[in-house]
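The values are calculated or read from the model by the stated rules, or taken from the named source; none is laboratory data. All of these numbers come straight from a predicted model, not from anything done at the bench. FYI the Cβ positions are ideal-geometry reconstructions off the backbone, even for glycines, and counts take in every protein chain you see. With ligands, DNA and RNA removed, areas are computed over all heavy atoms of the protein, side chains included. Shrake-Rupley method; radii C 1.70, N 1.55, O 1.52, S 1.80 Å.
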Amino acid sequence: IARLHIYYSLLMPDMTPQERNHLDAALVEVYRRKGITYDNQSLFEPDGVTYKPMPTRADMLEVLSENPDAKNLALVESRFVTGSAKRLGQATNVDLDNQFVVIDTSEIGKDLLAAGTFTATDFCTEKCKESRVKKKALILDELWALIGASSNPQAAEFVLECFKTYRAFGAAVIGATQDLNDFFALENGKFGRAILNNSRIKVVLPLEEEEAVRVKEVMGLSNEEMMQVIRSKRGEGLLCAGHNRISVAFQSTQLEYDWITTSRADLEAQMLARQQENN
């Protein structure tokens, strides 16, 4: 329920204290109707092994609709039950036991990006906690969505906790962002700085001068190192591990390059090559 409070706060940034109370009561009630209480054993069927069916968003909408003071919450929830985001409001039907799982939120829509990214991150963090022995990596691309201006302190604290504690679960946490200004936007950059301070290894790829000045300030780079970041070519960067800083160049194999290139000329050449193979 604590995680769900964060999720709904991202969906409704202007939620009032009264609405938060109504939301909390509805969350408790929707689980109660499934026979799930504060007793941990109530999560299971009588066999003590099988989980009881969990409530869906349709169940949540039903509870919210019974409270006239929660009509704004019910209106938001209806989008995931009968509206355009209906596919996001149903039980998961994806096999999540694969060794390599990609959760793509690129087309979820800007207004749902923060909430969708949080949902994906929440799932991944629970997977990371399942074993302290198994090696795993939590990779958070476009990290600004959860710690930037479009997010809130609760979600940002959740992400920061990942960087602080997940080594204890045998997990590496990797964050990436292209929008440094938004990365440092929430609460004067408090969370962006804290994440950098808790990251043992940092790679700085080529930046414009304004962004490089900010990185110099936050990471304590020298003027020479800052200029190196500005002058770096594509594929080059500055590797920072503790107090050690060295120049690096990333070179892909041809296969890797063909997979990741966004060059129109390259993509056209690949298309022509496929056509010739088929002919």
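Charged neighbours of Phe158, selected by a Cβ distance under 10 Å, balance to -2 (K, R count +1; D, E count -1).
Taking amide H as placed 1.01 Å from N in the peptide plane, the amide H of Leu138 sits under 5 Å from that of Ala172, Val173, Ile174, each at least 5 places away or on another chain. In straight-distance terms, cross-link reach from Lys216 covers every one of the lysines whose alpha-carbon lies under 22 Å from its own, apart from those fewer than eight places away in the same chain; here that gives Lys190, Lys202, Lys233.
Can you work out the base-10 log of I(q)/I(0) for segment 110-181 at q = 0.17 1/Å, using the Debye formula on its C-alpha atoms alone? After summing over all Cα pairs, the log10 values are -0.60. Projection of the Cα convex hull of segment 1-137, averaged over all directions and equal to a quarter of that hull's surface, yields 9.8 nm².
Pop out the carbon and sulfur fraction of the accessible area of the chain as a percent, whole number, probe 1.4 Å. Present the calculation step by step, with values, prior to reporting the outcome.
On the way: 9460 of 18170 Å².
In the chain, the share of accessible area belonging to carbon and sulfur is 52 percent.
Per residue, the chain exposes 65 Å² of accessible surface when a 1.4 Å probe is rolled over the protein heavy atoms with every protein chain present.
Judged by the ratio a/c of the largest to the smallest principal axis of the C-alpha gyration tensor, segment 203-279 counts as prolate, that ratio being 1.5 or greater while a/b is larger than b/c. The Cα trace of segment 121-279 gives Rg and Dmax of 18.6, 59 Å, the first to one decimal, the second as a whole number. Of the peptides 102-113, 161-172, the order by per-residue mean of other Cβ atoms within 10 Å, starting with the highest, comes out as 161-172, 102-113. Just name one of Asn21, Ser252, Asn188: the one whose Cα is farthest towards the positive end of the charge dipole of the chain (beta-carbon charges, Lys/Arg +1, Asp/Glu -1). My answer, from the dipole projection, is Ser252.
Annotation for segment 182-256: GluC sites (Glu not before Pro) lying in DSSP loop with at most 13 further Cβ atoms inside 10 Å of their Cβ are Glu208. When each of the peptides 11-20, 33-42, 193-202 is scored by the mean number of other C-beta atoms lying within 10 Å of its residues, the order from highest to lowest reads 193-202, 11-20, 33-42.
Judged by the ratio a/c of the largest to the smallest principal axis of the C-alpha gyration tensor, segment 164-250 counts as oblate, that ratio being 1.5 or greater while a/b is no larger than b/c. Other residues whose C-beta falls under 14 angstrom from the C-beta of Ile230 contribute a net charge of -2, scoring Lys and Arg +1 and Asp and Glu -1.
Taking θ as phi - 60° and the Karplus parameters 6.51, -1.76 and 1.60, the scalar couplings of segment 260-273 work out to 9, 5, 10, 5, 4, 5, 5, 5, 5, 5, 5, 5, 5, 5 Hz in sequence order, x denoting glycine and proline. In degrees between 0 and 90, to the nearest 10, how far off the longest principal axis of the chain does helix 110-128 point, with axes built from Cα atoms? Taking Cα atoms only, the helix is inclined about 90 degrees. Backbone amide hydrogens, once placed in the peptide plane, bring Ala149 within less than 5 Å of Ala185, Leu186, excluding anything fewer than 5 places away on its chain. When +1 charges are put on Lys and Arg Cβ atoms and -1 charges on Asp and Glu Cβ atoms, the dipole computed for the chain relative to its Cα centre reaches about 700 debye.
Couplings 3J(HN,Hα) of segment 28-38, computed from phi: 4, 5, 5, 6, 4, 5, 9, x, 9, 10, 6 Hz, in residue order, whole Hz [Karplus 6.51 cos²θ - 1.76 cosθ + 1.60, θ = phi - 60°; x for Gly and Pro].
When every alpha-carbon pair in the chain is counted, what percent end up more than 27 Å apart?
54 percent
Phi angles of segment 48-65 translate, via the Karplus equation with coefficients 6.51, -1.76, 1.60 and θ = phi - 60°, into HN-Hα couplings of x, 10, 7, 6, 5, x, 7, x, 10, 5, 5, 5, 5, 4, 4, 5, 5, 5 Hz per residue; Gly and Pro are given as x. For Leu272, the shell of other residues with beta-carbons less than 14 Å away shows a net charge of -2, using +1 for Lys and Arg and -1 for Asp and Glu.
With helices as the sole contributors, the chain gives -14000 deg cm²/dmol at 222 nm; each DSSP H run of n ≥ 4 counts as -39500 (n - 2.57), and the sum is divided by every residue.
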